[in-house]
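Let me begin by presenting the structure, written as structure tokens, before commenting on it.
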Amino acid sequence: MESSRSTSIDASVEPLRHTHEVTGRGLGTVALALSAALLGAACSVLDTSPAPEATATTTFAAAPPTTTPVTIVGSPSATTTSTTEPGPPRALITPTGVVVPIRGGAPGAWVVGTPCHGEATIEDGGILRGASVLIDPGHGGDDEPGAVGRGGLQEADLNLDVAWRLAAALERRGIDSVLTRPSDYRIAIIARAEIATALQPDVFISIHHNAGESAVLDVPGVEVFHQSTSPESQRLGGIVFEELVDAFERYDIEWYGGPLRGVSARLNGDDEDLYGVLRRPTGIVTVLSEAMYLSNPLEEQLLQDPAVRDVEAEALATAIERYLATDDPGSGFIETTVFRGDLGSGGSTIGCVDPPLA
């Protein structure tokens, strides 16, 4: 969930313009080989909130979390997607596995933006020259776990796990991808957007899971938010909504959902996109998905199952492939809403501490 845990506020194939080259330490499509070295700090994908102590014992397939008692085993296989396509280096995967946009410099002295939107100089890293898909696991780190289910399942860990599974599903389809945060550390929204601007992906998807105001439904309460001024973002959101709902309807449970079930834009008081991850990457097709409600114990129980997380990831991969390869319009669209209130400082640079980069 993009903002606080208690509210649902603040995602052969053509055209595959961009591929990326990973060099240096045999890093994979999403820095998979570095999982043991990844270190953390904290964040969300909006621009916050404390969490009850986690008690979940879920087994994830991503990189090890830093604070929650979640056992993560394995990850998608580390296979390098390389290309001879010309183009400047756009971002790096640092020796500690952090994805950072290149601002200047040269090999041996790269000037990069940091996860807290600072600046640093590093000697080397895996070079990224672009990406077909940029996957953004919402929240992250000690300070911003996102929503937390009654059983202790933390959204930040769940988002990251689904992101890894999505990367693997896309790889099987021949579509390359990069994660904005391959591990559990804090990254400000402005820094996530800078990575997107640097890599210029065909699709930028921010992965979240919901909590807060909801009512019992007989259908999955999936929410997808799109950019208010982008018809292509709306089309992608409609396809993502279709695939997630179709995938989840196989489960016979009592679903929860909020008033924004469906596909919509959400604005702030200035008539701009409310969510920074949608507003900031200008000209990049971006959506934010809120797949299930962690505040519903039945849905949390589902998400404890790795097979269900695979189902979600496969649905997202199918949606992205449909968007890239077809003119499908999508469905589930509802009216734009305006949010007037305080979203807090989640996803901002306030109190942000960068993880080690080397």
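You can think of it this way: the chain between residue 350 and residue 337 has 1.9 nm of extra reach, that is 0.36 nm per residue less the Cα-Cα gap.
At full extension, residue 218 and residue 271 could sit 15.8 nm farther apart than now, given 0.36 nm per residue minus the alpha carbon distance.
Could you point to the residue in 163, 106, 132 farthest towards the positive end of the range 105-197's charge dipole, with +1 and -1 charges on the Cβ of Lys/Arg and Asp/Glu respectively? The one lying farthest along the dipole's positive direction is 132. Placing dummy labels 7 Å off each Cα toward the beta-carbon, the span from residue 150 to residue 301 is 1.0 nm. Here the range 132-184 is assigned +1 on the Cβ of each Lys and Arg and -1 on the Cβ of each Asp and Glu. Its dipole about the Cα centre then comes out at about 340 debye.
Below 8 Å, C-alpha to C-alpha, sequence gap of six or more: please give me the relative contact order for the range 255-358 in percent. The partial results should precede the final answer.
Values: 60 pairs, mean separation 44.5, N = 104.
It comes to 43 percent, rounded to a whole number.
From the Cα gyration tensor of the range 180-235, with a ≥ b ≥ c the square roots of its eigenvalues, which class applies: rounded if a/c is under 1.5, or else prolate if a/b is larger than b/c, or else oblate? Before the final figure, lay out the partial values.
Values: a/c = 2.78, a/b = 1.46, b/c = 1.90.
Since a/c reaches 1.5 but b/c is at least a/b, the shape of the range 180-235 is classed as oblate.
Each label point was placed 7 Å from the Cα along the Cα-to-Cβ direction; for residue 172 and residue 254 their separation is 3.4 nm.
If contacts are Cα pairs under 8 angstrom and at least 6 residues apart, what is the relative contact order of the range 129-227 in percent? Provide the component values of the computation, followed by the final result.
Numbers: 135 pairs, mean separation 40.6, N = 99.
After rounding, I find 41 percent.
Hey, how many Å between the Cα centroid of the range 108-186 and the Cα centroid of the range 211-255? So the separation of the two Cα centres works out to 23 Å.
Compute, for the range 197-264, the length of the dipole vector about the Cα centre, with Cβ point charges of +1 (Lys, Arg) and -1 (Asp, Glu) only. Units Debye, rounded to 20.
Charge dipole of the range 197-264: 240 debye, to the nearest 20.
When a 1.4 Å probe is rolled over the protein heavy atoms, the share of accessible surface on the range 199-293 that falls to carbon and sulfur comes to 41 percent.
For the range 158-315, the square roots of the Cα gyration tensor eigenvalues, ordered a ≥ b ≥ c, give a/c of at least 1.5 with a/b no greater than b/c, which places it in the oblate category. The magnitude of the dipole of the range 135-233, with charges of +1 and -1 set on the Cβ of Lys/Arg and Asp/Glu and taken from the Cα centre, is near 200 debye.
The values are calculated or read from the model by the stated rules, or taken from the named source; none is laboratory data. Bear in mind that the values here come from a model prediction, so they are computed numbers and not experimental data. Heads up, the Cβs are rebuilt from the backbone with ideal geometry, glycines too, and the neighbour counts pull from every protein chain shown. Heavy atoms of the whole protein, side chains included, go into the accessibility calculation; ligands, DNA and RNA do not. Shrake-Rupley method; radii C 1.70, N 1.55, O 1.52, S 1.80 Å.
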